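Visitor: Below is a structure I'd like to ask you about.
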Amino acid sequence: GAVVSQHPSRVICKSGTSVKIECRSLDFQATTMFWYRQFPKQSLMLMATSNEGSKATYEQGVEKDKFLINHASLTLSTLTVTSAHPEDSSFYICSASRLAGGRDTQYFGPGTRLTVL
Amino acid sequence: AQTVTQSQPEMSVQEAETVTLSCTYDTSENNYYLFWYKQPPSRQMILVIRQEAYKQQNATENRFSVNFQKAAKSFSLKISDSQLGDTAMYFCAFMKINRGSTLGRLYFGRGTQLTVWP
C-alpha cells in the first residue's frame, strides 16, 4: 500500500509552453500533497503544499502564477509550469500524506524530469 | 524554524560491513517525527525508517536502526550488513506534529551519498 504515481516521468518542451504534471495517490486518500523541486546532487526544495479543495500554500520565492497547483480530489494534485523557460528545467517530485492509526507519513512519487529547450 | 544538518556529504562502506550516517536537528518543538529516506539512482524517494520523538525506544527495521538522542537532538542511522543495493543518497527529515488531521511539512537535510562497494 501507500503508492504514489506521477505522470509523465519525463517531458521535453519548448520554451514558452506550459507543462502539466499529475500526482496521484493510488491506494489511499491524501488530504495534503506536497510539491518539491530537486536539482542534481541537492536536497529536495519544497515548492508548495496542496490541500484538497483549497488554495495551495507556496513557499517564499516560489511564483504562484508560474507554478499552478490544483488539488481537485483526495487522490489527485496537478502542477502546471506555465510559460516554461530553460531555468525551469529540473526534477519535480510530489508526495502525498497518509494519516493512519496516528502514524503520519509522506509517500513520494517517482518524480518527473522536465527539460525546457 | 526547523533545521536538519547532515555533516557527511559522502560515505562509503564495504559490503557486509556496518555504517552509521549522522543527523542533527534544531527545533523548539517537543513532539515531532524524524525520518530517514533513501533516494537510489532511480531517484524514487523511499522511506527507510521513522521515529516518534515521544518514544524512547530506538526504531529498527531489519538491517536499519536509529540512535535517537532527543536531548542532544541527534538521529543517526545505522545500516548493518550493508548490501550493494543500499547505495543511494540518504536524507534525514524532520516533521512537526500538527494538531488536527493535516500533516506538516518535511524539513530535509542536504543528504549523504552512501556508496557500498564489493
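The values are calculated or read from the model by the stated rules, or taken from the named source; none is laboratory data. Computed from a predicted model, the values in this text were never measured in an experiment. Counting neighbours? That spans all protein chains shown, and the Cβs are built from the backbone with ideal geometry, glycine included. Each accessible area value is taken on the protein alone, full model and side chains, heavy atoms only, with ligands, DNA and RNA left out. Shrake-Rupley method; radii C 1.70, N 1.55, O 1.52, S 1.80 Å.
Visitor: Collect the residues in segment A:67-112 that are open to solvent by less than 40 Å² (accessible area, probe 1.4 Å), touching a Leu at 6+ places or on another chain (Cβ under 9 Å) and closer than 19 Å to B:Ala93 by Cβ, keeping them in residue-number order.
Guide: Residues satisfying the conditions are A:Phe91, A:Tyr92, A:Ile93, A:Cys94, A:Ser95, A:Ser97, A:Asp104, A:Thr105, A:Gln106, A:Phe108.
Visitor: Counting only residues that are in contact (Cβ under 8 Å) with a residue 60 or more places away in the chain and touching a Lys or Arg at 6+ places or on another chain (Cβ under 8 Å), which one in segment B:67-81 is least open to solvent (accessible area, probe 1.4 Å)?
Guide: If we filter segment B:67-81 for residues that are in contact (Cβ under 8 Å) with a residue 60 or more places away in the chain, which is where we start, we get B:78-81.
Now restrict to residues that are touching a Lys or Arg at 6+ places or on another chain (Cβ under 8 Å): B:79-81.
Working: B:Ile79: 0, B:Ser80: 37, B:Asp81: 77 Å².
Ranking the qualifying residues of segment B:67-81, first place goes to B:Ile79.
Visitor: When the residues of segment B:34-59 are filtered to those that are touching a residue at least 60 places away in the same chain (Cβ under 8 Å) and hydrophobic (A, V, I, L, M, F, W, C), which remaining residue is nearest to the other protein chains (Cβ to nearest Cβ)?
Guide: Checking each candidate, the answer is B:Phe35.
Visitor: Quick check on segment A:68-113: of everything there that is under 15 Å from the mean Cα position of the chain (by Cα) and over 16 Å from A:Tyr36 (Cα atoms), which residue is modelled with the highest pLDDT? Spell out how you get there, then give the answer.
Guide: Within segment A:68-113, the first condition is being under 15 Å from the mean Cα position of the chain (by Cα), and the residues that meet it are A:68-82, A:88-97, A:106-113.
Those left that are additionally over 16 Å from A:Tyr36 (Cα atoms): A:72-75, A:82.
Details: A:Ala72: 83, A:Ser73: 89, A:Leu74: 89, A:Thr75: 92, A:Thr82: 96.
Filtering segment A:68-113 for residues that are under 15 Å from the mean Cα position of the chain (by Cα) and over 16 Å from A:Tyr36 (Cα atoms), the one modelled with the highest pLDDT comes out as A:Thr82.
Visitor: Taking segment B:39-66, which residues are charged (D, E, K, R) and open to solvent by 30 Å² or more (accessible area, probe 1.4 Å)?
Guide: Initial filter on segment B:39-66 (charged (D, E, K, R)): B:43, B:50, B:52, B:55, B:61, B:63.
Residues satisfying the conditions are B:Arg43, B:Lys55, B:Glu61, B:Arg63.
Visitor: Mind checking which strands (runs of 3 or more DSSP E) fall wholly inside segment A:34-97 and carry at least 3 residues that are of a type in the set (S, T, N, Q) and in contact (Cβ under 8 Å) with a residue 12 or more places away in the chain? Walk me through it before giving the result.
Guide: Working: elements: A:44-51, A:67-73, A:76-81.
Hits in segment A:34-97: A:44-51, A:76-81.
Visitor: Follow-up question, since we're still on this one. Of the residues in segment B:14-56, how many are outside any strand (DSSP E or B), within 21 Å of A:Tyr92 (Cβ to Cβ) and not aliphatic (A, V, I, L, M)? Walk me through how you get there before you give the answer.
Guide: Filtering segment B:14-56 for residues outside any strand (DSSP E or B) gives B:15-18, B:22-23, B:27-31, B:40-45, B:53-56.
With within 21 Å of A:Tyr92 (Cβ to Cβ) added as a condition, the list becomes B:40-45.
Those still in the list that are not aliphatic (A, V, I, L, M) too: B:40-44.
Result for segment B:14-56: 5.
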